[in-house]
Amino acid sequence: MTQSLKDQIHDKILDNIINNKYEINDFLKENALAGEFGVSKAPVREALIQLCNEGIIRSIPRLGYQIIRLTERDIWEATQFRIILELEGLRLSFESLEKDAIDCLTQLTNETEYIKMGKSVSLEEWWENNALFHITLISYAKNTLLTDSLRKTMHLLWRAVAQLFGNSGQKSYLSYNPKSHIIVCEAISEKDFKKAEDLLRKDIASILNTYSLANTIKI
């Protein structure tokens with residue numbers, strides 16, 4: 001499906017924010033962005049409003065739009081929300097997870113054994129593949145609101161991942177929890193709900209290990 005011009009501009013601005021193309025204290029202005037992308041101000045304004053609604057930027061009257069940098073607290077809250085969503089999704093779907101679903105999840109994990117395969121991927125592709133596993137797993141709960149909420153939260157956490165690994169080499173993220181999804185799949189296959197729940201919780205919470213709040217706030 002072809003993206004609208006507004007959506008294209010939205011994604012370009014978001015990519016620039018994630019990749020630190022704009023200084024955190026700079027103000028984004030409609031005129032400058034319209035010139036940068038070679039478009040009129042209307043789709044730029046619409047894209048900026050959407051980014052405001054997503055909590056990525058905020059409008060400052062007479063100055064422009066300011067980037068909202070993710071804090072440790074933001075990351076903790078998003079991770080806590082993920083745990084609530086995903087563990088409930090696992091509980092709802094666990095008894096009905098059949099071989100086809102488990103095979104699908106296992107295939108997704110096999111495709112992300114990058115070091116074992118000697119494969120290199122970009123940070124964005126690595127995160128998208130990680131998110132795909134979690135979104136696929138929660139989709140088996142057959143609750144659209146759960147799935148959509150997780151998708152939005154993973155989108156927010158992509159900014160945190162970019163802050164974490166953006167200035168590091170590929171090894172830093174390719175070697176990050178490489179077996180965590182495999183052992184979740186194994187626990188599901190064994191029909192061991194408690195084990196699967198504990199492993200999924202640890203996998204989700206692992207992002208906090210690089211932040212100081214991980215040592216002071218328990219999930």
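The values are calculated or read from the model by the stated rules, or taken from the named source; none is laboratory data. Here the structure is a predicted model, which means the values were calculated and not measured. Quick reminder, even Gly has a Cβ in these numbers, built from the backbone with ideal geometry, and neighbours come from all protein chains shown.
Remarks
- Count - residues of the stretch 175-219 that are assigned to a loop (DSSP other than H, G, I, E, B) and modelled with pLDDT of 95 or more: 3
- Of the candidates 151, 159, the single residue that is under 23 Å from residue 67 (Cα atoms), crowded, with 19+ Cβ neighbours inside 10 Å and of a type outside the set (A, V, I, L, M, F, W, C) is 159.
- Within the stretch 105-126, none of the residues are at pLDDT 95 or above, among the polar types (S, T, N, Q), assigned by TED's automatic domain parsing to the domain that holds residue 202 and not in a helix (DSSP H, G or I).
- Counting residues in the stretch 50-59 that are surrounded by 17 or more Cβ atoms within 10 Å (Cβ to Cβ), within 24 Å of residue 147 (Cα to Cα) and in the same structural domain as residue 162 (by TED's automatic domain parsing) gives zero.
- Tabulated pairs, the stretch 56-81, first without any contact (Cβ under 8 Å) to a residue 24 or more places away in the chain and farther than 30 Å from residue 202 by Cα, second surrounded by fewer than 17 Cβ atoms within 10 Å (Cβ to Cβ) and hydrophobic (A, V, I, L, M, F, W, C), C-beta under 7 angstrom, 6+ apart or interchain: 58/52; 59/52
- Residue 93 being hydroxyl-bearing (Ser, Thr, Tyr), not in a loop (DSSP other than H, G, I, E, B) and not assigned by TED's automatic domain parsing to the domain that holds residue 154: no
- The C-beta contact set for the stretch 1-27 (first residue free of Cβ contacts under 8 Å to residues at least 40 places away in the same chain, second residue in a loop (DSSP other than H, G, I, E, B) and not basic (Lys, Arg), distance under 8 angstrom, 6+ apart or interchain) comprises 5/39; 9/39; 11/3; 16/22; 27/63.
- Meets criteria (among the aliphatic types (A, V, I, L, M), modelled with pLDDT of 90 or more, more than 18 Å from the chain's Cα centre (by Cα) and within 30 Å of residue 138 (Cα to Cα)) for residue 78: no
- Checked against (1) in contact (Cβ under 8 Å) with a residue 40 or more places away in the chain; (2) of a type outside the set (Lys, Arg); (3) touching a His at 6+ places or on another chain (Cβ under 9 Å), residue 131 meets all criteria but (1).
- From the list 34, 101, the one residue that fits, being outside the structural domain of residue 188 (by TED's automatic domain parsing), of a type in the set (Gly, Ala, Ser) and surrounded by 13 or more Cβ atoms within 10 Å (Cβ to Cβ), is 34.
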